[in-house]
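Below is one structure, written out as structure tokens, with a few remarks after it.
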Amino acid sequence: MNEEDKLILVINPGSTSTKIGVYKNESEILCKGIEHSAEELSKYSKMLEQFEMRRDAVLDCLEENDIDRGQLSIIVARGGTLPPIDAGAVYVNDEMIKVIKSGALAEHASNLAALIGKNIADPLGIPVIIYDGVSTDELSEIAKISGMEAITRDSLTHALNTKAVARKVAAENHTRYENVNYIIAHLGGGITISLHKKGKMIDIISDDEGPFSPERAGRVPCRRLIELCYSGKYDYNTMRKMLRGKGGLVSYLGTNNAVEVEKRIKAGDEEAKLIYQAMAYQIAKGIGELNVVAKGKIDEVIITGGIAHSRMMTDWIKDYVSFIAPITIVPGENELESLALGGLRVVRGEEKAREYK
């Protein structure tokens with residue numbers, strides 16, 4: 001059997017779910033989203049502690065769907081919050097695993113993908129790669145300046161989905177990604193906004209410096225944050241959870257489920273409506289911020305991610321930003337397919353994966 005006739009396993013952990021896909025060439029054999037409730041996730045104080053739970057969920061899913069691991073040719077994992085990397089395919093090696101396990105990286109579910117992938121791949125003797133990782137860095141030099149010399153702005157965003165969506169929308173408009181300027185808001189468990197200028201993602205608003213999301217606090221007043229940190233009421237891990245995991249909708253409404261929030265709103269819950277509108281308001285502010293960076297020369301504003309399925313949310317955002325450029329809604333994520341196609345290019349020898357250093 002040729003390598004490209006075998007199967008490709010894709011692993012993509014998000015803040016509230018673990019998505020897996022199995023592909024044969026370009027064809028999807030299996031696509032499954034394994035949901036993790038807020039109650040289940042609350043058992044773990046750190047993201048890395050979720051490794052075994054999520055790995056077992058992936059293995060159980062493969063078994064339940066009669067997927068023979070022996071037929072896998074490559075595993076493609078979502079790239080985590082590593083130090084800056086180039087776009088494209090990078091092998092998951094011992095050095096990458098060491099960096100992830102060090103605990104020095106920003107807390108993000110995507111860090112678990114490489115760990116899960118390598119754990120499954122090693123006994124099978126097959127390669128595992130990441131593709132267009134979260135830390136893909138194409139920022140302009142001026143965008144890296146933070147305002148505090150000790151801190152450099154990092155490029156941590158939904159690079160995989162936003163780049164895939166940008167290419168898709170450009171093709172639908174009979175042009176190329178390298179010819180257009182897009183602002184793309186990815187609305188998921190975490191929310192990021194990015195400016196794509198002529199094929200490069202030159203500036204971003206990461207999930208800790210912009211809108212709050214279902215479970216992340218986003219940009220909060222720095223002085224008040226420092227006061228909380230040194231108040232003696234909270235330890236380090238609690239503060240990290242307040243920012244990532246128990247922030248955003250969880251902090252205000254006790255749930256990370258946007259569908260549940262919308263049900264409350266439709267039932268007349270005014271508090272839920274105010275908080276949900278505030279999330280739309282902050283997303284719109286972020287889009288406006290990046291519009292200034294582009295000096296208003298934007299071809300399209302794209303709203304993507306799971307929450308882009310919400311007509312309520314996207315209508316509120318459109319009401320604020322429709323003056324900037326035409327708005328395209330691309331609900332959901334193309335991440336599994338994008339990862340699989342990247343892996344297929346490596347298997348076919350059309351693209352070379354680089355060693356992680």
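The values are calculated or read from the model by the stated rules, or taken from the named source; none is laboratory data. A quick note: this is a predicted structure, and the numbers were derived from the prediction, not measured. Don't worry about glycine lacking a Cβ; one is built from the backbone with ideal geometry, like all the others, and counts go over all protein chains shown.
Numbers at a glance
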read-out: Residue ranges of helices (runs of 4 or more DSSP H) in region 244-357 with at least 1 members touching a strand residue (DSSP E or B) at 6+ places or on another chain (Cβ under 8 Å); value: 248-253, 270-293, 311-321, 335-347
read-out: Output for region 234-272, where each listed residue is under 24 Å from Glu209 (Cβ atoms), of a type outside the set (S, T, N, Q) and without any contact (Cβ under 8 Å) to a residue 24 or more places away in the chain; value: Tyr234, Asp235, Tyr236, Met239, Tyr252, Leu253, Val261
read-out: Looking only at region 340-356, and only at residues there that are in contact with a helix residue (DSSP H, G or I) (Cβ under 7 Å, 6 or more places away or on another chain) and among the charged types (D, E, K, R), the one that is nearest to Leu30 (Cα to Cα); value: Arg348
read-out: Verdict on Leu225 being assigned to a helix (DSSP H, G or I) and either in the same structural domain as Ser42 (by TED's automatic domain parsing) or surrounded by fewer than 17 Cβ atoms within 10 Å (Cβ to Cβ) (or both); value: yes
read-out: Unique residue being touching a Gly at 6+ places or on another chain (Cβ under 6 Å), at pLDDT below 90 and buried (at least 16 other Cβ atoms within 10 Å of the Cβ) when the list is Gly14, Gly88, Gly80; value: Gly14
read-out: Lys163 being in contact with an Asp or Glu (Cβ under 7 Å, 6 or more places away or on another chain) and not hydrophobic (A, V, I, L, M, F, W, C); value: yes
read-out: Scope region 174-210; condition in a loop (DSSP other than H, G, I, E, B), within 18 Å of Val330 (Cβ to Cβ) and touching a residue at least 24 places away in the same chain (Cβ under 8 Å); matching residues; value: Val180, Gly188, Gly189, Gly190
read-out: Check on Lys168, basic (Lys, Arg), under 17 Å from the mean Cα position of the chain (by Cα) and within 17 Å of Val330 (Cβ to Cβ); value: no
read-out: Among residues of region 136-178, those that are under 19 Å from Ala104 (Cβ atoms), surrounded by 12 or more Cβ atoms within 10 Å (Cβ to Cβ) and small (Gly, Ala, Ser), counted; value: 2
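Here's the yes/no breakdown for (1) at pLDDT below 95; (2) surrounded by 15 or more Cβ atoms within 10 Å (Cβ to Cβ):
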residue: Lys32; (1), (2): yes, yes
residue: Leu41; (1), (2): yes, yes
residue: Ser45; (1), (2): yes, no
residue: Leu48; (1), (2): yes, yes
residue: Arg55; (1), (2): no, yes
residue: Val58; (1), (2): no, yes
residue: Glu64; (1), (2): no, no
residue: Ile74; (1), (2): no, yes
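Quick grid of which residues meet (1) outside the structural domain of Arg240 (by TED's automatic domain parsing); (2) in contact (Cβ under 8 Å) with a residue 60 or more places away in the chain; (3) not hydrophobic (A, V, I, L, M, F, W, C):
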site: Val10; (1), (2), (3): yes, yes, no
site: Ser27; (1), (2), (3): yes, no, yes
site: Lys32; (1), (2), (3): yes, no, yes
site: Cys61; (1), (2), (3): yes, no, no
site: Gly70; (1), (2), (3): yes, no, yes
site: Val92; (1), (2), (3): yes, yes, no
